[in-house]
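First comes the structure, then the notes that go with it.
The values are calculated or read from the model by the stated rules, or taken from the named source; none is laboratory data. Owing to the predicted nature of the structure, the values given are computational and were not obtained by experimental measurement. Positions of Cβ are generated from backbone atoms using ideal geometry, with glycine treated the same way; all protein chains shown enter the neighbour counts.
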Amino acid sequence: MITGTGAEPVIQLFHVHKRYGSQTAINDINLTVTKNDFVFITGPSGAGKTTLLRLLFLQEAVSEGQILVNGINLQRIRRAKIPLFRRSMGFVFQDFRLINSYTVYENIALVLETTGQDIRHIRKKVPHVLRMVGLEDRIHAYPPRLSGGEQQRVAIARAAVSNPFILLADELTGNLDTDAADMVFGLLRQLHSRGTTIIVATHDSRLFDKARARIVFLNQGRLEGETKS
Ligand SMILES: Nc1ncnc2c1ncn2[C@@H]1O[C@H](COP(=O)(O)OP(=O)(O)O)[C@@H](O)[C@H]1O
Ligand SMILES: [Mg+2]
């Protein structure tokens, strides 16, 4: 197996299975992701990509096997600690999941408010991340007024605002045209160059040329192989 350059494992999967009734979504996966890796999880629709991300984000529990994130065994994490655990990660959803009745500013500020950050910090930090994604002029706009690419950039800003050590993204360019996808993808590369570990689930192989990354192939829930771009 090709592993990343850094030696420090941030995510380890040991014989992970996930079943939904008689349906097996993840079938005996072993995988190690090291600090500052850039990993594409790819494979056809139904391969288990989204399920794998959901297991890492603790939106689902494994049926069998073990997942360690930063050495923490996800099966042992207490329910009350799950929100805190999730806030240490950023998750970018394919469908953005912004709150349409909140402005761009409010959508991002919410993340910091829930972690109890003070208002002066929030007022500085939100424009700062919006500058990073090139949307500082849309700070008071409501998401429905933004294009798909802009909404996805807001979603990335929201995921990045709490300086997560790892960013998970599910089909993040799935709904975007090529130019918007390139821009969104460039943002991930920027976060990666600042030390964030990035895991992107995608069936879009065009993205692979755009970063030096590990490419992990899933098929019918199994890890079928790995290569480097
Ligand atoms: N909540 C669920 N309930 C039942 N089956 C599910 C659920 N989520 C995923 N699956 C099944 O698990 C398999 C993998 O799905 P998914 O992880 O969404 O694949 P991908 O993201 O690669 O398209 C599919 O067969 C899907 O139907
Ligand atoms: Mg999916």
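Tabulated values for the structure
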item: Every pair of residues 6+ apart whose Cβ atoms lie under 9 Å, when the first sits in the stretch 49-65 and is in the same structural domain as Asn219 (by TED's automatic domain parsing) while the second is within 12 Å of ligand 1 (Cβ to nearest atom) and in a helix (DSSP H, G or I); result: Gln59/Leu53; Glu60/Thr51; Glu60/Arg54; Ala61/Leu55; Val62/Leu55
item: Given (1) hydrophobic (A, V, I, L, M, F, W, C); (2) more than 18 Å from the chain's Cα centre (by Cα); (3) more than 12 Å from ligand 1 (Cβ to nearest atom); (4) not in a loop (DSSP other than H, G, I, E, B), number of the condition Ala25 does not satisfy; result: (3)
item: Evaluation of Val16 against (1) touching a Gly at 6+ places or on another chain (Cβ under 6 Å); (2) free of Cβ contacts under 8 Å to residues at least 60 places away in the same chain; (3) within 16 Å of ligand 2 (Cβ to nearest atom) (one fails), failing number; result: (3)
item: Criterion (at pLDDT 95 or above and not assigned by TED's automatic domain parsing to the domain that holds Leu13) met by exactly one of Leu98, Leu74; result: Leu98
item: Members of the stretch 164-192 found to be in a loop (DSSP other than H, G, I, E, B), away from ligand 2 (no atom under 16 Å from the Cβ) and modelled with pLDDT under 90, listed by number; result: Asp177
item: Any chance Asp170 is surrounded by 15 or more Cβ atoms within 10 Å (Cβ to Cβ) and within 16 Å of ligand 1 (Cβ to nearest atom); result: yes
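Let's see how each residue does on (1) loosely packed, with under 14 Cβ neighbours inside 10 Å; (2) within 16 Å of ligand 1 (Cβ to nearest atom):
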| residue | (1), (2) |
| --- | --- |
| Val16 | no, yes |
| Val39 | no, yes |
| Ser45 | yes, yes |
| Val62 | no, yes |
| Gln75 | yes, no |
| Gly90 | no, no |
| Gln94 | no, yes |
| Leu98 | no, no |
